[in-house]
Amino acid sequence: MKNLEKIALLIDADNTQLSKLETVIQELSAYGRIVVKRAYGNWRKESLKNWEDELKRLAIKAEQQFDYVSGKNATDMALVIDTLDLLHKEIYDAFVIVASDSDYTPLAIRLHESGVYVMGVGEKKTPAAFRNACDEFLFLENMSKSSEIPVSKPESKPNGRKETADSDLEEKSNTDELQDIHKLLKIAWDKYQDDDRYVNVSSAGQYIKRAKPDFDARTYGFMKLPDLIEAFPKKYAMKRYPGKGTVTIIAYKCK
């Protein structure tokens, strides 16, 4: 998890679900301190009429942007201009763009080139170009009632043998998206394994995030990456050992 000191959060209200705003802030707060919170939109629009109370409650600054031409909105341009203004102050170490619009791809690339940490937050329909231009991309769908997402792990019978859930997971592993994760886990194992041929799951997770910014174990039904790895005992062996202080290191190797 990144430890960010000054995060600028910029929200395109035309491309965001109002019901997810608080959850977004809660999730991002785990990364560090959010010092700028702005939402952009034409608040005279009927579709945005319910935003006022929530923006006030969450202490998000509302930035009014009128539509200069009927049928087109200037919200995205206003957000981009303000983001670049904030970037030039050189006091923020991370920018978060909340939108599902590929129009923000050039902005994400420009921010990334400046050396700041770039995060995107949007729906799963967000085009790959925008997702991959970020250092990390979070899906709004994964933020809904995350504490209720079941951890899809095979249960052990008393004799220690896996139940049929194991075969169900093997079927699940044949899906294209999950196969990509297995491929990345294999690459991480090839590159980062220690003398015992194990790889720290944390190191593998960082690599996967760099290669696939929108990776989130919850997308595949798991709370965390170790849960995903542990669910496929035919593919991986795992071990845990003490690190510094009270930290427990989790590692895996490919079979």
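How big is the Cα convex hull of segment 12-78 in projection, averaged over all directions, in nm²?
4.7 nm²
Among 30-41, 232-243, what's the highest-first ranking by average C-beta atoms within 10 angstrom per residue?
Details: 30-41: 18.5, 232-243: 13.4.
The most tightly packed comes first, giving 30-41, 232-243.
Is segment 32-110 rounded, prolate or oblate when judged by the Cα gyration tensor, a ≥ b ≥ c being the square roots of its eigenvalues, rounded requiring a/c under 1.5 and prolate requiring a/b larger than b/c?
Oblate shape, in that a/c is at least 1.5 and b/c is the bigger or equal ratio.
For segment 89-141, how big is the tail of P(r) above 16 Å, as a whole percent of Cα pairs? Could the numbers behind the result be given before it?
Details: 414 of 1378 pairs.
Value for segment 89-141: 30 percent of Cα pairs lie more than 16 Å apart.
How high is the FRET efficiency between E5 and K239 when r is their beta carbon distance and R₀ equals 35 Å, given to the nearest 0.05?
0.55
Given 0.36 nm per residue, what is the gain on full extension from N132 to D85 after removing their alpha carbon distance, in nm?
Result: 14.6 nm gained on full extension.
For segment 178-233, what size does the Cα cloud have along each of its three principal axes, sorted from largest down, in whole Å?
Its Cα atoms span 32, 24, 18 Å along the three principal axes.
I'm a student and want to see the number: the projected area of the Cα convex hull of the chain, averaged over all directions, in nm².
The number I arrive at for the chain is 16.6 nm².
Could you give the nm distance between label points at I249 and H112, where each point is 7 Å from its Cα heading toward the beta carbon?
It works out to 3.1 nm between the two label points.
Count of lysine pairs in segment 179-255 with Cα atoms under 14 Å apart, counting only pairs 8 or more residues apart in sequence or on different chains?
Taking the Cα cut-off of 14 Å, the pair count is 18.
Just to be sure I follow the rule: in segment 1-90, considering lysines 8 or more places apart or on different chains, how many pairs have Cα atoms under 18 Å apart?
Close lysine pairs under the 18 Å cut-off: 14.
Where in segment 11-46 does the amide nitrogen come within less than 20 Å of the point 7 Å from the Cα of Q206, taken along Cα to Cβ?
Those under the cut-off are 30-33.
Starting with the highest mean, order 115-122, 213-220 by the number of other Cβ atoms within 10 Å, averaged over the residues of each peptide.
Details: 115-122: 21.4, 213-220: 19.8.
My ranking of the peptides, most packed first, is 115-122, 213-220.
Assuming R0 = 41 Å, can you tell me the calculated FRET efficiency for the pair D67 and A30, based on Cβ-Cβ distance, to the nearest 0.05?
Between D67 and A30 the formula returns 0.70.
How far, in degrees from 0 to 90, does helix 176-192 lean away from the longest principal axis of the Cα atoms of the chain, to the nearest 10?
70 degrees
Going by alpha carbons, how many degrees (0 to 90, nearest 10) lie between the helix axis of 201-211 and the longest principal axis of the chain?
Roughly 50 degrees, rounded to the nearest 10.
Over what distance in Å are the Cα centres of segment 201-250 and segment 22-71 separated?
If we compute the Cα centre of each part, the gap is 34 Å.
Coordinate-derived values only; no laboratory data. Everything numeric here is computed off the predicted structure, so don't read it as measured data. A quick note on method: Cβ atoms are made from the backbone with ideal geometry, for glycine too, and the neighbour counts reach across all protein chains shown.
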